[in-house]
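Student: Sending over a structure as structure tokens; questions will come in a sec.
The values are calculated or read from the model by the stated rules, or taken from the named source; none is laboratory data. These numbers were taken from a predicted model, which means no experiment stands behind them. Positions of Cβ are generated from backbone atoms using ideal geometry, with glycine treated the same way; all protein chains shown enter the neighbour counts.
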Amino acid sequence: MWMGLSYVCWGISVVLALWMLYDWFKVDTTYSEDVLTSSREGELEAVSEKHRI
Amino acid sequence: MTAAVETGLTTTIHGDRVSLLRVLGPAHVWALGVGIVLVGEFTGWNFSADKGGALAALIVCWIVGLLYTSVAMIDSEVTSTVAAAGGQYAQAKHIVGPLMAFNVALFLVFAYTMLEVSDAILLGDTIVAKAGVEGLTHNSFIAATIVVLAWLNYRGVLMTLNVNFVITAIAYVSIVILFFSVSPWTQGAVLKLNELVTPGNALPYGWIGVIAAFQFGIWYYLGIEGTTQAAEEVRSPARSLPYGTMAGMITLLIAAAMTWYVCASLMPWEYLGITYYPLWDAGKLTGSPLLENLLFIATLLAALASANGCINDAARAWFSLGRDRYLPSWFSAVHPKYRTPYRSILFLLPIALAFAFIADLNQAITFSILSGVLQYTFMSINIMMFRKKWPLGTIRRGYTHPFHPLPAIVLFCLCMVTFFAIFLGFGSQLIAMTVFYFLISLWFHFYRYRFVRRGDQFSMPWPKPQGY
């Protein structure tokens, strides 16, 4: 059972790693670098009160 | 409901910008802090008994508790004002300066990544120990731990910390169940503290053993300051961060006391100081299969929760460095759908895997502790400068810590004692890390800082500091 669990762990790791790589590629080719790196420190704090929680 | 939810989490939340998602509350802050730390009750703290005996492990439990209470109070005050991802990095940048900030960010990334590595190794070793199957290695379990948790972090902070809340709570409750299952109010039935800890063996190496025990006493609470990394993702930083952090610290003080009492009452200090699974062993020693299995599962859950929180925190620190161009701005990308620092998460993933496969548990733990204590030393200086440059009343604080400057002085003195303790056990690693930080500081000062947009990095709308 434990050896089987070990193989399942390898399988899950490979599948999820590949999924993350695929998603990374998809996002990077869909959006511009300017949009992806547009976050600014403090900005969220400055405008937060305008949002309804 | 937030604007982000209304738009299905697929578009930007503030105009054209993609920002981290502000969805967390005090319970998530608690889950992040306690989740990172609680594994220290399941392994780590007990090595202090090897350094100085069972009583030394209790003494450092309280004294290091004082250190971390100071950390939590100081951190709560500064972070309730500097509410930005990167936590202590953003604090250092605004209060001390860029070079200190760069170093603090590296302390954070090292402390959390090495702790994540330690957690994964612990989880793998625990499963292998339970299985007892020849030929079974821990590598597959380490890989699954790191990759699955990285995937969870990649997919969003809310689910990540919801999961952390549940598994941390289960692990914590298991300690409470163990404590009440052994009739703590009665000595002699199950617990034998008066036989195992006697005046003759309480401090086998005297007071120098107590000093040496500081090195592993840190493990009772290591990582509670990680709550500040969530500053940019909590709905109300000024309220949630102090609440979550202080509640987490109280929770941990109770857990540490219960853990010591049960373990020291069931195991002789010679064994307690070398076992990797003090609470799981305690479960076994009660003779109850239910408790044994409960503590086995709780050990795994605590390691998972800790690694999960560490991935979250290390990625935010790395992300913040990229956002200020202290590192290439490529690292500051936010996933437009999941609102996570996905490139930082992915970049740190193979590094964690590599260390987990090649490093040994003691080395990884020591690097994590060293980086943590360097960070705490900075915090004691940071709060003194913060109060001097912006005295009470000059800027709005979500929380004001009492008895200033006593907590800062206590924190600084205890950090010095801990450095001495680490030097006694791991002097070469301490020197190697100091040299590393010195060299990387030279690189930052003479090369990297030219790429930083100097005006943009100071984002807090504060008045000029006193004296400027």
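Student: Based on what the data block shows, is B:Ala3 among the small types (Gly, Ala, Ser), at negative phi, at pLDDT below 90 and surrounded by fewer than 18 Cβ atoms within 10 Å (Cβ to Cβ)?
Tutor: yes
Student: Of all residues in region A:1-43 being surrounded by 12 or more Cβ atoms within 10 Å (Cβ to Cβ) and not in a helix (DSSP H, G or I), which is modelled with the lowest pLDDT?
Tutor: In this case the residue turns out to be A:Gly42.
Student: Name the residues in region B:309-359 that are free of Cβ contacts under 8 Å to residues at least 60 places away in the same chain and under 24 Å from B:Ala120 (Cβ atoms), would you?
Tutor: If the condition is that a residue be free of Cβ contacts under 8 Å to residues at least 60 places away in the same chain and under 24 Å from B:Ala120 (Cβ atoms), then B:Phe331, B:Arg343, B:Ser344, B:Phe347, B:Pro350, B:Ala354, B:Ile358 are the ones that fit.
Student: With the requirement that a residue be of a type in the set (A, V, I, L, M) and either buried (at least 21 other Cβ atoms within 10 Å of the Cβ) or facing chain A (nearest Cβ under 8 Å) (or both), what does region B:116-128 give you?
Tutor: Those that are of a type in the set (A, V, I, L, M) and either buried (at least 21 other Cβ atoms within 10 Å of the Cβ) or facing chain A (nearest Cβ under 8 Å) (or both): B:Val117, B:Ala120, B:Ile121, B:Leu122, B:Leu123, B:Ile127.
Student: Considering only region B:60-98, state which residues are small (Gly, Ala, Ser) and more than 11 Å from B:Gln229 (Cα to Cα).
Tutor: If the condition is that a residue be small (Gly, Ala, Ser) and more than 11 Å from B:Gln229 (Cα to Cα), then B:Gly65, B:Ser70, B:Ala72, B:Ser76, B:Ser80, B:Ala92, B:Gly97 are the ones that fit.
Student: Could you tell me which of the residues B:Pro199, B:Pro204, B:Pro184 is surrounded by fewer than 13 Cβ atoms within 10 Å (Cβ to Cβ) and farther than 30 Å from B:His28 by Cα?
Tutor: After ruling out the rest, the residue left standing is B:Pro199.
Student: Step by step: first the residues of region B:250-275, then only those that are outside any helix (DSSP H, G or I) and aliphatic (A, V, I, L, M), then the one that is nearest to B:Phe216 (Cα to Cα). Which residue is that?
Tutor: So, considering only residues that are outside any helix (DSSP H, G or I) and aliphatic (A, V, I, L, M), the one nearest to B:Phe216 (Cα to Cα) is B:Ile274.
A quick yes/no check of all residues on (1) over 30 Å from B:Lys464 (Cα atoms); (2) within 14 Å of chain A (Cβ to nearest Cβ); (3) buried (at least 20 other Cβ atoms within 10 Å of the Cβ); (4) not aromatic (Phe, Trp, Tyr):
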| residue | (1), (2), (3), (4) |
| --- | --- |
| B:Gly309 | yes, no, yes, yes |
| B:Ser320 | no, yes, yes, yes |
| B:Asn362 | yes, no, no, yes |
| B:Ser371 | yes, no, yes, yes |
| B:Arg396 | no, yes, no, yes |
| B:Val410 | no, no, no, yes |
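Student: Taking region B:79-112, which residues are closer than 18 Å to B:Ile224 by Cβ, assigned to a helix (DSSP H, G or I) and not aliphatic (A, V, I, L, M)?
Tutor: Matches in region B:79-112: B:Thr79, B:Gln88, B:Tyr89, B:Gln91, B:Phe107, B:Phe110, B:Tyr112.
So that you can scan it fast, the table gives a plain yes or no per residue for (1) surrounded by fewer than 21 Cβ atoms within 10 Å (Cβ to Cβ); (2) under 14 Å from the mean Cα position of the chain (by Cα):
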site: B:Met114; (1), (2): no, yes
site: B:Lys130; (1), (2): yes, no
site: B:Leu136; (1), (2): yes, no
site: B:Ala143; (1), (2): no, no
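Student: Additional query: Do we find that B:Val109 is in contact with a Phe, Trp or Tyr (Cβ under 6 Å, 6 or more places away or on another chain) and within 13 Å of chain A (Cβ to nearest Cβ) in this structure?
Tutor: No; evaluated as a whole, the condition is false for this residue.
Student: Looking at B:Ser76, B:Ser19, which is the one that is under 29 Å from B:Phe331 (Cβ atoms) and within 14 Å of chain A (Cβ to nearest Cβ)?
Tutor: From the options B:Ser76, B:Ser19, the qualifying one is B:Ser19.
Student: So, in region B:434-468, exactly how many residues are of a type in the set (Val, Ile, Thr) and either part of a loop (DSSP other than H, G, I, E, B) or in contact with a Ser or Thr (Cβ under 7 Å, 6 or more places away or on another chain) (or both)?
Tutor: Summing the residues that are of a type in the set (Val, Ile, Thr) and either part of a loop (DSSP other than H, G, I, E, B) or in contact with a Ser or Thr (Cβ under 7 Å, 6 or more places away or on another chain) (or both) in region B:434-468 gives 1.
Student: I want to confirm something. Restricting to region B:326-343 and keeping residues that are outside any loop (DSSP other than H, G, I, E, B) and more than 7 Å from every other protein chain (Cβ to nearest Cβ), which single residue is farthest from B:Val452 (Cα to Cα)?
Tutor: The extreme case among them is B:Arg343.
Student: What number of residues in region A:6-38 are over 21 Å from B:Ala120 (Cα atoms), among the small types (Gly, Ala, Ser) and either in contact with a helix residue (DSSP H, G or I) (Cβ under 9 Å, 6 or more places away or on another chain) or within 8 Å of chain B (Cβ to nearest Cβ) (or both)?
Tutor: 1
Student: Continuing with this model, one more query. Is at least one residue of region B:101-110 in contact (Cβ under 8 Å) with a residue 12 or more places away in the chain, under 16 Å from the mean Cα position of the chain (by Cα) and closer than 28 Å to B:Thr275 by Cβ?
Tutor: Yes, that holds for at least one residue.
Student: I need the full set of residues from region B:358-403 which are of a type in the set (Lys, Arg) and in a helix (DSSP H, G or I), in order please.
Tutor: Hits for region B:358-403 are B:Arg387, B:Lys388, B:Lys389.
Results for (1) charged (D, E, K, R); (2) touching a residue at least 12 places away in the same chain (Cβ under 8 Å); (3) over 21 Å from B:Asp281 (Cβ atoms), shown as yes or no for each residue.
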| residue | (1), (2), (3) |
| --- | --- |
| B:Val147 | no, yes, yes |
| B:Trp151 | no, no, yes |
| B:Gly156 | no, yes, yes |
| B:Thr160 | no, yes, yes |
| B:Phe165 | no, yes, yes |
| B:Val173 | no, no, no |
| B:Val176 | no, yes, no |
| B:Phe179 | no, yes, no |
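Student: So which residues in region B:130-148 are at the interface with chain A (Cβ under 8 Å from one of its Cβ atoms), under 22 Å from B:Asn293 (Cβ atoms) and modelled with pLDDT under 95, if there are any at all?
Tutor: B:Ala131, B:Val133, B:Leu136
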